[in-house]
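A short write-up of the structure that comes next.
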Amino acid sequence: MPAALPDEPALIERAKKDSRAFGQLYEFYFDRIFNYLLRQTDDEDIAGDLCSQTFVNALNSIHKYEIRGVPFSAWLYKIASNEVNKHYRKNKGKAVFSIEEVRVRELIERSDENWDEELIAQLLQFMKDLPTDMLQVLELRFFEDKDFREIAYILDITESGAKMRTYRALDKLRRNFNLKVKYDEPK
């Protein structure tokens, strides 16, 4: 899937005046935002509600959107992230991350190690026990293919803070599992 729509800036400008143009943005980004929210909540109904609210908020605020050195998708992820945070504050719940085994296997394939099923199961359990801030950066970095600038924007932290959280999370994984993940920027 391409990272952005062809001529996305022009489409965004049209969407500021015409909600039908926003529909194209919605169609293009819906699956990514929904799946992101699903991993954050592990509940399809809640993810659907939060996804709807994310796009309603985006539509209502698109007139304020400005290009700030990050893709439009980062703006949507930031709105989605804020919706998740509001949901957990309102329901006094603890953030949940659903770690998809398939996505973890993709991460493992980036390593130089061969893993057996027992070790993969241990890694999945260990990841479930990581602090929320570490899971957030790992998810955005490796499962959503966001660069550090985008992660910083989405989580409202500095770029160096995004790097530090990512490296700390990877170091914790590496210490426990001898995981050798490449630090390459997503393409």
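3J(HN,Hα) along the range 163-170: 5, 4, 4, 5, 5, 5, 5, 5 Hz, from the Karplus curve 6.51 cos²θ - 1.76 cosθ + 1.60 with θ = phi - 60°, whole Hz, x for Gly and Pro. Taking 0.36 nm per residue of separation and subtracting the current Cα-Cα distance, fully stretching the chain between D145 and F30 would add 39.8 nm. The gain in end-to-end length when the K64 to K16 segment is fully stretched comes to 16.4 nm, 0.36 nm per residue minus the alpha carbon separation. Between A121 and R89, the FRET efficiency estimated from the beta carbon spacing at R0 = 35 angstrom works out to 0.60.
Please tell me which of these pairs span more than 27 angstrom C-alpha to C-alpha: K78/K163; K86/K172; K17/K92; K64/K128; K92/K128? Check vs 27 Å cut-off fails for K86/K172; K17/K92; K64/K128. 3J(HN,Hα) along the range 51-62: 5, 4, 5, 4, 6, 5, 4, 5, 4, 5, 10, 4 Hz, from the Karplus curve 6.51 cos²θ - 1.76 cosθ + 1.60 with θ = phi - 60°, whole Hz, x for Gly and Pro.
Ranked by how many other Cβ atoms sit within 10 Å of their own Cβ, fewest first, the residues V84, V56 fall in the order V56, V84.
Where a number appears in this text, it was derived from the coordinates with a stated rule and is not lab data. Here the structure is a predicted model, which means the values were calculated and not measured. Cβ coordinates were reconstructed from backbone atoms using ideal geometry, including for glycine residues, and neighbour counts include every protein chain displayed.
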